[in-house]
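Let me begin by presenting the structure, written as structure tokens, before commenting on it.
The values are calculated or read from the model by the stated rules, or taken from the named source; none is laboratory data. Not measured: the values here are computed from a predicted model. Every residue, glycine among them, receives a Cβ derived from its backbone with ideal geometry; neighbour counts consider all protein chains shown. Calculation scope for accessible area: heavy atoms of the full protein, side chains included, ligands and nucleic acids excluded. Shrake-Rupley method; radii C 1.70, N 1.55, O 1.52, S 1.80 Å.
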Amino acid sequence: MKITRIFSIAFLSATLFMVSCKDEAAEREAEEKMEMEKQEAEMEQKRADSLAMVETQKRERDERATSINGAMMYDDMTIVENASTSDDLSTLVAAVKAADLVETLNSEGPFTVFAPTNAAFDKLPAGTVDNLMKAENKAKLKGVLTYHVVSGNVMAADLQKMIKDGNGTATLKTVNGGQLTAMVKDGKVRLKDAKGNTSTVTVTDVKQSNGVVHVIDTVVMPSA
């Protein structure tokens, strides 16, 4: 009888121990599950925060950009990178490549570029562009293109001030070595080249990572 009682107590103790162990295991499992769910929630929140940050940065980038007939020009891209995305500037980009000026206009700069549109190039006499694109005319093409480039950042407000300070005209020294004369007519900035031809600035202050672009409607030509 005594032995039976001892076995009963031992069995009960073992049973209670096993139940206790199971409870502890279940509790640990529940805690581990909660911790895992917490970590997953934190990771999900971080992903959501990261996506929100990317969206905010993209929106802010788009707000700083300037559109040239639907093509977005971004201030964290170079002059050539931006121009390459615009159908309206495809002739200019092709000319820059033919003149081996891509590396120059992708460099730190800064440069101010008066960028002729395709329509501006189309105003030139028939065959002019094709002739300039020939390998033997690379030096001449480079001269024409660099006549559209000024060192430094010349924003529209800067140019307007230069014109005002110059009593109606401002002289810009180009990378070509020649000069452009800027003036205001009918409320718009116009450039007069070495041959007396004029071009109108149609889009201003297109910021680039290495300068600024102003779009013009006519190709300006150096004296030679």
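Yes or no: A156 out of contact with any helix residue (DSSP H, G or I) (no Cβ under 6 Å at 6 or more places or on another chain), surrounded by 15 or more Cβ atoms within 10 Å (Cβ to Cβ), farther than 19 Å from S90 by Cβ and aliphatic (A, V, I, L, M)? Lay out the reasoning, then the answer.
Numbers: out of contact with any helix residue (DSSP H, G or I) (no Cβ under 6 Å at 6 or more places or on another chain): yes; surrounded by 15 or more Cβ atoms within 10 Å (Cβ to Cβ): no; farther than 19 Å from S90 by Cβ: yes; aliphatic (A, V, I, L, M): yes.
No.
Within the stretch 202-213, does at least one residue satisfy the condition of being touching a Phe, Trp or Tyr at 6+ places or on another chain (Cβ under 9 Å) and without any contact (Cβ under 8 Å) to a residue 60 or more places away in the chain?
Residues of the stretch 202-213 that are touching a Phe, Trp or Tyr at 6+ places or on another chain (Cβ under 9 Å), as a first pass: 207-213.
From what's left, without any contact (Cβ under 8 Å) to a residue 60 or more places away in the chain: none.
Looking through the stretch 202-213, none of the residues is touching a Phe, Trp or Tyr at 6+ places or on another chain (Cβ under 9 Å) and without any contact (Cβ under 8 Å) to a residue 60 or more places away in the chain.
Among what's in the stretch 214-224 and is assigned to a loop (DSSP other than H, G, I, E, B) and in contact (Cβ under 8 Å) with a residue 60 or more places away in the chain, pick the residue that is farthest from M72 (Cα to Cα). Don't jump to the end; show me each part of the working.
Initial filter on the stretch 214-224 (assigned to a loop (DSSP other than H, G, I, E, B)): 217-224.
If we keep only those that are in contact (Cβ under 8 Å) with a residue 60 or more places away in the chain as well, we get 217-222, 224.
On the way: D217: 19, T218: 22, V219: 22, V220: 25, M221: 28, P222: 30, A224: 34 Å.
Among those that are assigned to a loop (DSSP other than H, G, I, E, B) and in contact (Cβ under 8 Å) with a residue 60 or more places away in the chain, it is A224.
For the stretch 171-193, name all the residues that are open to solvent by less than 70 Å² (accessible area, probe 1.4 Å), of a type outside the set (K, R) and more than 26 Å from the chain's Cα centre (by Cα).
Taking the stretch 171-193 as the starting set, the residues that turn out to be open to solvent by less than 70 Å² (accessible area, probe 1.4 Å) are 172, 174, 176-178, 180-184, 187, 189-191, 193.
From what's left, of a type outside the set (K, R): 172, 174, 176-178, 180-184, 187, 189, 191, 193.
Correct list: L172, N176, G177, G178, L180, T181, A182, M183, V184, G187, L191, D193.
In this structure, does G196 turn out to be free of Cβ contacts under 8 Å to residues at least 60 places away in the same chain, part of a loop (DSSP other than H, G, I, E, B), open to solvent by less than 50 Å² (accessible area, probe 1.4 Å) and out of contact with any Asp or Glu (no Cβ under 6 Å at 6 or more places or on another chain)? It would help to see each step written out before you state the result.
Details: free of Cβ contacts under 8 Å to residues at least 60 places away in the same chain: yes; part of a loop (DSSP other than H, G, I, E, B): yes; open to solvent by less than 50 Å² (accessible area, probe 1.4 Å): yes; out of contact with any Asp or Glu (no Cβ under 6 Å at 6 or more places or on another chain): yes.
The answer is yes for G196.
Of the conditions (1) over 23 Å from I79 (Cβ atoms); (2) open to solvent by 40 Å² or more (accessible area, probe 1.4 Å), G168 fails just one. Which one is it?
Failing condition for G168: (2).
Does the stretch 158-181 hold any residues that are aliphatic (A, V, I, L, M), outside any strand (DSSP E or B) and touching a residue at least 24 places away in the same chain (Cβ under 8 Å), and which are they? Reasoning before the result, please.
First pass over the stretch 158-181, keeping only residues aliphatic (A, V, I, L, M): 159, 162-163, 170, 172, 175, 180.
Pick out the ones that are also outside any strand (DSSP E or B) and you get 159, 162-163, 175.
Within the stretch 158-181, L159, I163, V175 meet the criteria.
What number goes with the only condition from (1) within 21 Å of S223 (Cβ to Cβ); (2) open to solvent by 30 Å² or more (accessible area, probe 1.4 Å); (3) in contact with a strand residue (DSSP E or B) (Cβ under 7 Å, 6 or more places away or on another chain) that P125 does not pass?
(3)
Please verify whether the stretch 124-142 includes one or more residues that are at pLDDT 95 or above and among the hydroxyl-bearing types (S, T, Y).
No, the conditions are met nowhere in the stretch 124-142.
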